[in-house]
Every structure is written in structure tokens, then in C-alpha cells.
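Engineer: Mind looking over this structure? Questions follow.
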Amino acid sequence: MSNEWPLWEVFIRGQHGLSHRHVGSLHAPDAEMAIKNARDVYTRRNEGVSIWVVEARHIAATAPGEKGPLFEPSESKVYRHPTFFDIPEEVGHM
Amino acid sequence: MYAQMIKTARSGVKTREEMTEQEREFQDKIDNDIKIEPRDWMPDDYRATLIRQIGQHAHSEVVGQLPEGNWITRAPTLERKAILLAKVQDEAGHGLYLYSAAETLGESRDELIRLLHEGRMKYSSIFNYPTLNWADIGAVGWLVDGAAIVNQVALQRTSYGPYSRAMIRICKEESFHARQGYHAIMKMAFGTPEQKRQAQDAVNRLWFPAIMMFGPNDSASTHSEQSMAWKIKVKSNDELRQQFVDQTVPQIEYLGLDLPDPGIKWNEERGHYDFSDPDWSEFFDVIKGNGPCNVDRMTARRKAWDDGQWVRDGLLEHARKKAARKVAAE
Amino acid sequence: MTRDEALFEFLLRLGDNTLILGHRVSEWCGHAPVLEEDIALANTALDLIGQTQMWLGLAAEVEGKGRDADKLAFLRDAWDFRNLLLVEMPNGDFGQTLMRQFLFDAWHSVLLGRLMTSSDERVAAIAAKASKEVTYHLERSADTVVGLGDGTEESHARMQAALDYLWPYVGEMFRSDPVDAEMVAAGIAPDPASLREEFDGIVSRVLTEATLEIPASSFGHKGGKDGSFHTEHLGHLLSTMQWLQRAYPGCEW
């Protein structure tokens, strides 16, 4: 059995109101220590208000080859974006 | 640089005709500045070269803690102690970010560390020089980190996504390093005659090792072509070295110190400073393990790792026990 | 002893504890078992150095003789230091360092909690800032003591050895003397003895979880907080720490 500490991915909420963002990885023996290590490694310059960690092997991801089928269909649905609709200026801010 | 003399895993650059379809698509992405991400297809040689380069860069950060760490317990004021400790701690952080980037290529941190400890991977030549007086701490931050920044700013544009992102994060933190270094040596250069003597001594000793950090002259550098084509390397050794010399010479003059190289002269025609070539035989000696501190640096790193084995094992074993107890309770 | 003289002594005790321990912990930088621990230890040391600047800064102000925090840190000899013996003990292995940290953090966190209601607002303000930092130190050192105590056979044995070695230095934290009595009378600080119950609660909970045994002997070394009897270790620490200031007096750095 390998004795390397597992790899964790770290997500930090930079300010109240923002989403957690991936900031990097680290090693830790368990989740509790991973959170503490994340605090010590990734918030040295006051960067966060909340930390998530997840063991890297638990992350499921899209395969690079699927990029076309997964993401391109939404490119043609321009009506989902607010700028698609011309609203007369007199109506005011919307 | 922090990654010097990186041997590209293959020799010579393939022409488009020699490339497979996949390789052509890959090269197109690089040419169009589309970043390569961990799960994207990449040539084996690209992966191998990157692991070597990022690994060496990471090792340099961690070994680089030692020469400056040498003065943490002797820092002359509480504020200097805090600044230096924070700075050396940042180097550990940079090592960590870079090992993480290498890990996305499928090489574990422990494996890279093993290769370093077995002498099968290298770190930057600069960290095999000693820090002998307090002004060295200023000079290292200013000259060594200054040289590193020149390279790392260029590397923010490197083709491999995780490496590029690590560089961006590191560059943000590094500018603090160069500035604190210059601030520290300013105090020395403008201080008592004894302090000024230390500052001059530091600059004299560290100048050539610092400009050697960029690696051999382009004419003697055999591994660059493929790395440039892959945008693993973004500017040539000589280009970066010149940039560093140009920005640093006026900073030495501002301190009122003698220039460490009588060959330094402004060249109106080139619009750059001329300077003497360092003694490259010394550089190759250091790379081969014969620098003033090679043996001490590696001994210190191996000792830290070996002494820490029981700690890493102990905490991991506790995590396993805890997980097992949790399962048993459910 | 006037009240201000007592307060000066008391502030030196606080500042010297954090100065000496911060120095000890900073010795690890570049040599820890794993990068994550290296970074975490440096954070602890940085917090302690910052607290030193505040405590010794206030001490110098109370003394009113034109000294500052740096002069107090770098230009006093060993007998003028007022730190607990515990914090000058050598780092030893990582286990000994973390055990020392845990025992200190447990006491420090209880003390700072009380100092936050000090009648001296300056003391209360520093304690409030330091208390947040120390709460985290305690969480981290306690977790590590538990992890290593309840880890492998080797890590358990090393942690028990560290506890056995350091336990005789715990008692000094709870001894009262005239300086403390003066602080209690002024409402500035609690009686050291009154911190023991809460300390024992934390320590016995954590050490039980760590499967470690508190040594039976209640013998305690003393002489650090009044400066009468430091260990040999302090002189060596100071000769390193103060060397530049001593070799090149009167310089600006």
C-alpha cells in the first residue's frame, strides 16, 4: 500500500456572495487535515472566507473528446442570453 | 533558471509532414495559444519534458528554502525575522503549487522527491551557493528572485495550463520577494561602513551565480528548440539574461555599490548593457554536484524527509483507523 | 514594586513566551516532514512573532525608558528573560515540537480568553487579536497530537516520550508570585492557578483521544517566568538570535 498522503483539490470562497473557486491541490491524510492544510497553504494572504476540499479521485470530469457534443449545442441557443433581445430604450433598464 | 538545462525528451523538432494527425492538431493548439490541459492528448515527449521541467522547478523552490532559511534564526529585528520567514514560507508554497502541477501529468510528488533524493533530478544551480552574511538575504531576494521573476513572468504564457496557472500565482507572490530583498540591502548599503561592506560582498559573490541561473548561452544550449516550439520555454536564455542585466545594473548603481563585473558597460548601439560572460566551467561543476553547498543541501533535504517518515506514516495510519471506526459505527 | 513595574514584568512574560517559542518553531522552516506542515509551522511562528511585537511593544511603552520591542528582544541577557522554561526546550523531533506546542497552546488559549476581559484595555485588545490566532494553533496542534498518538506504534511511542519529557515543565504555568498577585489585584490578569482546571480539561480530553498517558509525577521545574533559573538551552538560542545586534551595535536593519 502506498504511504503517500492522498491528493485533495481545494476550493475557496474569496468573498461572501461569490462561488467557491478551485485554487489548487495539496496532500493530507484525511479531510479534516486537508481543510487545515488548505487554510495554511491557500489563505496566507487573506484570500478566503470558506474552504471546500474534495479528494481528487472523487472528482468526475468530462473527457476532452466530448467537448464538442457537450458544449457546442448551447452555442446555438443565443436566445438564452439577455442581449439577444432588443428592448426599446424608453422602457428603461431591464 | 529554476529549471536549467532541461533535456527535451526528443531530439530535433518534427516538421509538419513528419507529424501524425494528432500531433498536428496538438501543435496547432499551441500555435494558437490554446492551453493544453491535463486530460488532453499530448505527445509522450511533451509530457516527459514537462515533468522534468516542472519537477526541477519545484525542487528548486524547496531546496531554495535552505540558503535563506539559514538566516531566519539570526534575523536582526522582529520585523526582518517575520518578513524573511514569510518569504521562505512562500517558497515552500511555490514548491507545493509546482509539485501539484507536475502531479496533473501523472507523476506523484513522492516519486519526484525520491528522484531528487537519489540524485536523478536536479534543482537550480544558484541554491548551491552559501549565504554568508546578512546582506546575502537582501541580495538573494533582490537578485535571485529578481532573476527568477524575469523567467517566470515569461512562463505565465507557457502552453501547459496547470503550469501556467501556477506561474501566475507564483508571480503575484514573488514581487513581494524582490522588493523586500532590495529594501533589506538598501538598509545595508546606506548603513554603517561595516554594513556597506557586507552589501558589496554579497553583490560580488552572487552576481555571476545569478546570471548563470538563466543557463548556458543560446549558442551552447542544445535543448531549446523543441521546448520553444512547444511553448514550454518562451524566451531564450540570452534574451532573459540580458533583460535581467538591463534592469539590475541601475539598481546596483542606486545603492552606490561597485559593479561586480568590470565588463558592465552601457552599449549605446545595442541599447543594452554589455557584461562579461560568467565562468561556465564553474556552472557545469555546480550542476555536476561540485558547488560549495551541493552536498549540504541534499543532506538537509534527505534528513528532513527521512526524519519525517514516521510522522507521515503516523498521521496516515490514524486517518485509516478513524475511517475504519466510522465504517464500523455505521 | 509599583503597579507599572509589575505590569512591565507581566508583559515581558507574555512577550518572551511568544518570542522564544516563535523562534523555536521558525527553526523548522525548510526541514518539516512534509511541505504542508512546513507551511503550517511557519504560520504559527509568524503569529507568535507578531504577538511578540505587540506584547514587547507595550512592555517598552509601560517601562517608559526609550526601549522598544526590538531592544527588549535582542539586547537583554538570559537572566532578564521571563519566558516559561517549556518554550525554551529544544525542538527535538517533530513529535516533541508538536507536544510542546500543544501544551503551550492549551494554556495560552485559556489565559488569552481571560485577558480579553482585562481591566487594562491595551492588554484586552492584544489578547483579543492573539486569541483568534491561538484558537487555531490549539486546534491544529491538538489534532496532530491525537493523530500521532493514535497512529503507528512508533508514532505513539515517540509522542509518549515527548509527553514524559515535557510534562515536568507544565507546572510552572500555574505558579503564582508577587507579580501575579499585583496583576490580580489590579484586575489586569487572572491568578495563574485559576487556569488549571480548564487546562486540565483540554489536555485530558486530547491526550485520552491520543491514547497517551499523563505521567503520574506532579514534580515541576521552575525559574523561567521569574528569570531565576533558566535552562542551558536559552543561552544558545539567544546567542544565535541576538548575534547581529550584538556584533554590529547601533545599526539600522
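Since every read-out is calculated from the coordinates, none of them should be taken as a lab result. This one's a predicted model, so the numbers in the text were calculated from it and none came from an experiment. All Cβ positions, even for glycine, are placed from backbone atoms using ideal geometry, and neighbour counts span all protein chains on display.
Engineer: Using +1 at the C-beta of Lys and Arg and -1 at the C-beta of Asp and Glu, which of C:Thr135, B:Leu115, B:Tyr273 has the Cα lying farthest in the positive direction of the dipole of the protein assembly as shown?
Structural biologist: Of the listed residues, the answer is B:Leu115.
Engineer: Please provide three numbers in whole Å: the alpha-carbon extents of the stretch A:7-62 along the principal axes, with the largest listed first.
Structural biologist: Reported extents, whole Å, longest axis first: 28, 26, 14.
Engineer: Among C:Gly201, C:Ser155, C:Leu58, whose Cα lies farthest out toward the positive end of the dipole of chain C, if unit charges sit on the beta carbon of Lys, Arg (+1) and Asp, Glu (-1)?
Structural biologist: Of the candidates, C:Leu58 comes out farthest on the positive side.
Engineer: Which value, in debye to the nearest 20, gives the size of the charge dipole of the stretch B:1-107 about its Cα centre, when Lys and Arg are +1 and Asp and Glu are -1 at the Cβ? Walk me through the intermediate numbers first.
Structural biologist: Details: 14 positive and 19 negative charges, 121 e Å.
Roughly 580 debye for the stretch B:1-107.
Engineer: Also: Give me a single rounded figure for C:241-247: the average over its residues of other chain Cβ atoms within 10 Å of their Cβ.
Structural biologist: Numbers: counts 5, 2, 4, 8, 3, 1, 3.
For this peptide, the per-residue mean of nearby foreign Cβ atoms is 4.
Engineer: Ok, one more. Quick one: helix C:121-149 against the long Cα principal axis of chain C, what's the angle to the nearest 10°, folded into 0 to 90?
Structural biologist: Approximately 20 degrees, to the nearest 10.
Engineer: Cα-Cα over 22 Å: which of C:Lys132/C:Lys225; B:Lys14/B:Lys231; B:Lys81/C:Lys71? Let's see the in-between values first.
Structural biologist: Working: C:Lys132/C:Lys225 24 Å; B:Lys14/B:Lys231 15 Å; B:Lys81/C:Lys71 14 Å.
From C:Lys132/C:Lys225; B:Lys14/B:Lys231; B:Lys81/C:Lys71, over 22 Å: C:Lys132/C:Lys225.
Engineer: Under the classification rounded if a/c is under 1.5, otherwise prolate if a/b is larger than b/c and oblate if not, where does the stretch C:3-247 fall, given a ≥ b ≥ c as square roots of the Cα gyration tensor eigenvalues? Numbers along the way, then the final one.
Structural biologist: Values: a/c = 1.67, a/b = 1.34, b/c = 1.25.
Prolate is the answer for the stretch C:3-247, as a/c is 1.5 or above and a/b outweighs b/c.
Engineer: May I pose another question? Please average, across the residues of A:29-35, the number of beta carbons from any other chain that are within 10 Å of each residue's own beta carbon, and give a whole number.
Structural biologist: Numbers: counts 14, 9, 3, 5, 11, 2, 0.
Per residue, the average neighbour count from other chains is 6.
Engineer: Between the stretch C:79-141 and the stretch C:15-31, what's the alpha-carbon centroid distance in Å?
Structural biologist: 12 Å
Engineer: Taking DSSP loops as anything outside H, G, I, E and B, show the longest stretch in chain C free of GluC sites (Glu not before Pro) there with at most 13 other beta carbons within 10 Å.
Structural biologist: Numbers: sites that count: C:Glu213, C:Glu252.
Looking at chain C, C:1-212 is the longest stretch - no exposed GluC sites (Glu not before Pro) with at most 13 other Cβ atoms within 10 Å.
Engineer: Using the Cα centre of chain B as origin and beta-carbon charges of +1 (Lys, Arg) and -1 (Asp, Glu), tell me which of B:Met167, B:Gly146, B:Ala300 is placed farthest towards the positive end of the dipole.
Structural biologist: B:Ala300
Engineer: Please rank C:Thr2, B:Thr104, B:Thr192, fewest neighbouring Cβ atoms within 10 Å first, as an exposure proxy. Mind dumping the intermediate values first?
Structural biologist: Working: C:Thr2 8, B:Thr104 20, B:Thr192 14.
Arranged by neighbour count, lowest to highest, C:Thr2, B:Thr104, B:Thr192 become C:Thr2, B:Thr192, B:Thr104.
Engineer: Beyond 20 Å between alpha-carbons counts as too far, so tell me which of B:Lys35/B:Lys235; B:Lys7/B:Lys235; B:Lys7/B:Lys35 fall in that bin. Walk me through the intermediate numbers first.
Structural biologist: Values: B:Lys35/B:Lys235 17 Å; B:Lys7/B:Lys235 16 Å; B:Lys7/B:Lys35 22 Å.
As for pairs spanning more than 20 Å Cα to Cα, those are B:Lys7/B:Lys35.
Engineer: Oh, and also: What do you get for trypsin sites (Lys or Arg not before Pro) in the stretch A:7-72 restricted to DSSP loop and a cutoff of at most 15 other Cβ within 10 Å of the site's Cβ? Display every interim value, and only then the final one.
Structural biologist: Details: sites: A:Arg13, A:Arg21, A:Lys36, A:Arg39, A:Arg44, A:Arg45, A:Arg57, A:Lys67; in loops: A:Arg44, A:Arg45.
Passing sites in the stretch A:7-72 are A:Arg45.
Engineer: Additional query: Could you give me D for the protein assembly as shown, from Stokes-Einstein at 4 °C and 1.567 mPa s, where the hydrodynamic radius is the Kirkwood radius over C-alpha pairs? Units µm² s⁻¹, please. Intermediate results must be reported in sequence, preceding the final value.
Structural biologist: Working: Rh = 27.5 Å.
Value of D from the Cα-based Kirkwood radius: 47 µm²/s.
Engineer: Also, I was wondering about something else. Other chains near B:301-312: what is the mean number of their Cβ atoms within 10 Å of each residue's Cβ? The partial results should precede the final answer.
Structural biologist: Details: counts 2, 0, 1, 8, 3, 1, 5, 8, 3, 12, 16, 11.
Counting other chains' Cβ atoms within 10 Å and averaging over B:301-312 gives 6.
Engineer: What do you get for trypsin sites (Lys or Arg not before Pro) in the stretch B:110-205 restricted to DSSP loop and a cutoff of at most 13 other Cβ within 10 Å of the site's Cβ?
Structural biologist: Values: sites: B:Arg114, B:Arg120, B:Lys122, B:Arg157, B:Arg165, B:Arg169, B:Lys172, B:Arg179, B:Lys187, B:Lys196, B:Arg197, B:Arg205; in loops: B:Arg120, B:Lys122, B:Arg157.
Here the trypsin sites (Lys or Arg not before Pro) that fit, given the DSSP loop and packing criteria, are B:Arg120.
Engineer: Please order B:Tyr97, C:Tyr165, B:Tyr182, A:Tyr42 by the number of other Cβ within 10 Å, starting at the fewest. Write out the running numbers ahead of the final one.
Structural biologist: Values: B:Tyr97 27, C:Tyr165 16, B:Tyr182 20, A:Tyr42 23.
By the 10 Å Cβ count, ascending, the order reads C:Tyr165, B:Tyr182, A:Tyr42, B:Tyr97.
Engineer: A further question follows. Compute the long axis of helix A:31-42 from its Cα atoms, compare it with the longest principal axis of the Cα atoms of chain A, and write down the angle in degrees, 0 to 90, nearest 10.
Structural biologist: Result, in degrees: 70.
Engineer: Sticking with this one: Could you tell me how far the Cα centroid of the stretch B:58-102 sits from the Cα centroid of the stretch B:143-216, in Å?
Structural biologist: 13 Å
Engineer: Can you give the net charge of the other residues whose Cβ lies under 11 Å from the Cβ of C:Lys71, counting K and R as +1 and D and E as -1? The partial results should precede the final answer.
Structural biologist: On the way: positive: C:Lys65, C:Arg67, C:Arg76; negative: C:Glu63, C:Asp68, C:Asp70.
Net charge in that neighbourhood comes out at 0.
Engineer: Just how large is the dipole of the stretch C:3-247 about the Cα centre, in debye to the nearest 20, putting +1 at every Lys and Arg Cβ and -1 at every Asp and Glu Cβ? Don't skip to the answer; put the middle values down first.
Structural biologist: Working: 21 positive and 39 negative charges, 106 e Å.
The dipole magnitude comes to about 500 debye.
Engineer: Which residue fluctuates most in the GNM of chain C (Cα springs below 10 Å): C:Ser217, C:Ser239, C:Ser176?
Structural biologist: Between C:Ser217, C:Ser239, C:Ser176, it is C:Ser217 that shows the largest mean-square fluctuation.
Engineer: Would you mind working out the magnitude of the charge dipole of the protein assembly as shown relative to its Cα centre, with +1 at each Lys and Arg C-beta and -1 at each Asp and Glu C-beta, to the nearest 20 Debye? Show your work: numbers first, answer last.
Structural biologist: Numbers: 75 positive and 102 negative charges, 29 e Å.
That gives the protein assembly as shown a dipole magnitude of about 140 debye.
Engineer: Moving on to the next point. By count of other Cβ within 10 Å, fewest leading, how are C:Asp70, B:Asp218 ordered? Intermediate values should be presented prior to the final figure.
Structural biologist: Working: C:Asp70 20, B:Asp218 13.
The most exposed by this proxy come first: B:Asp218, C:Asp70.
Engineer: Continuing with this model, one more query. If you line up the long axis of helix C:196-209 against the longest principal axis of chain C, both from Cα atoms, how many degrees apart are they, to the nearest 10?
Structural biologist: 30 degrees
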